Amino acid sequence: MVNAAVEELAYRGVVLHALERTVGAGEGALCAQASAFGVLHVNGFPPGFSGILLAMVFGLLMGVIRRKSHRLFAPWAAHVCADIVIVAIVLLLVGRHPAQ
């Protein structure tokens, strides 16, 4: 919950707001914050380019939710749900491959 709050505040709060004020509230601002969010997740799950790409798409969707809701609560709640699913997947994968 804290991770989602910090990331949403930073990327959909500060970064998206700053980009909208400087380059306008178009697709450029959405794509730029999503790209920055994606690069942040290079070592996430899954790691590497696929993780960056997935995080970029997720960041884009969270930016759209932020714009439509005019608040940070909705993207934060969606982010918490996504993080719960990711943790569950990782735990299931770890359970399938016991340490040797």
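The values are calculated or read from the model by the stated rules, or taken from the named source; none is laboratory data. Being a predicted model, the structure only gives us computed values, none of them experimental. Glycine also receives a Cβ, built like all others from the backbone with ideal geometry; neighbour counts cover every protein chain displayed. Surface areas here come from the heavy atoms of the whole protein model, side chains and all, with no ligands, DNA or RNA. Shrake-Rupley method; radii C 1.70, N 1.55, O 1.52, S 1.80 Å.
Taking region 1-72 as the region of interest, the helices (runs of 4 or more DSSP H) fully inside it that hold 1 or more residues being closer than 30 Å to Leu91 by Cα and touching a Ser or Thr at 6+ places or on another chain (Cβ under 7 Å) are 49-69. All of Val80, Val57, Val87 fail the test of being out of contact with any His (no Cβ under 6 Å at 6 or more places or on another chain), over 12 Å from Gly13 (Cα atoms) and free of Cβ contacts under 8 Å to residues at least 12 places away in the same chain, apart from Val87. Within region 1-14, the set of residues being more than 15 Å from His70 (Cα to Cα) and touching a helix residue (DSSP H, G or I) at 6+ places or on another chain (Cβ under 8 Å) comprises Met1, Asn3, Ala4, Ala5, Glu7. A count restricted to region 1-10 and to residues that are open to solvent by 40 Å² or more (accessible area, probe 1.4 Å) and in contact (Cβ under 8 Å) with a residue 40 or more places away in the chain stands at 4. Looking only at residues of region 73-100 that are in a loop (DSSP other than H, G, I, E, B) and not small (Gly, Ala, Ser), we find that the one that is surrounded by the fewest Cβ atoms within 10 Å (Cβ to Cβ) is Gln100.
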